[in-house]
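Asks: One structure is given below, represented as structure tokens, and several questions about it will come after.
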Amino acid sequence: MRQVAVLAYQYGCGLCEIITPTNGALMAILVAAEVPYERWIRVAGALWLILLGLAFVGIAVAIAIGLQ
């Protein structure tokens, strides 16, 4: 069950990095590409939801196969 907890933490951390406005690297890339944050949220929102669904599936599979 410890591995599933680490997996859930890693999924959560990675998903937050995509949309968190305090992420310096994300903001630097958006400024360099001249993409407003609001536009990024609209575009990345669909991708974020897909990745969130895949994370749920991955965690469910990990629980089903009995990772410890």
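Asks: Give the calculated FRET efficiency between residue 43 and residue 16 to the nearest 0.05, with a Förster radius of 22 Å applied to their Cβ-Cβ distance. Write down the numbers at each step before the final one.
Replies: Details: r = 17 Å, r/R0 = 0.77.
For R0 = 22 Å, the calculated efficiency reads 0.80.
Asks: In nm, what is the difference between 0.36 nm times the number of residues separating residue 6 and residue 29 and their Cα-Cα distance?
Replies: On the way: separation 23, 0.36 × 23 = 8.28 nm, distance 2.83 nm.
Extending this stretch completely gives an extra 5.5 nm.
Asks: Hand me the GluC sites (Glu not before Pro) from the stretch 1-66 located in a DSSP loop with no more than 12 other Cβ atoms within 10 Å, in residue order please.
Replies: Values: sites: 17, 34, 38; in loops: 34.
Passing both the DSSP loop test and the Cβ count: 34.
Asks: Any idea what the alpha-carbon Rg over 2.2 N^0.38 Å comes to for the chain?
Replies: On the way: Rg = 14.8 Å, N = 68, 2.2 N^0.38 = 10.9 Å.
Dividing the Cα Rg of the chain by 2.2 N^0.38 Å gives 1.35.
Every number here is computed from the coordinates shown, using simple stated rules; none is lab data. What you are looking at is a predicted structure, and each value in this text was computed from that prediction instead of being measured. Methodologically, a virtual Cβ is constructed for each residue, glycine included, from the backbone with ideal geometry; neighbour enumeration extends over all protein chains shown.
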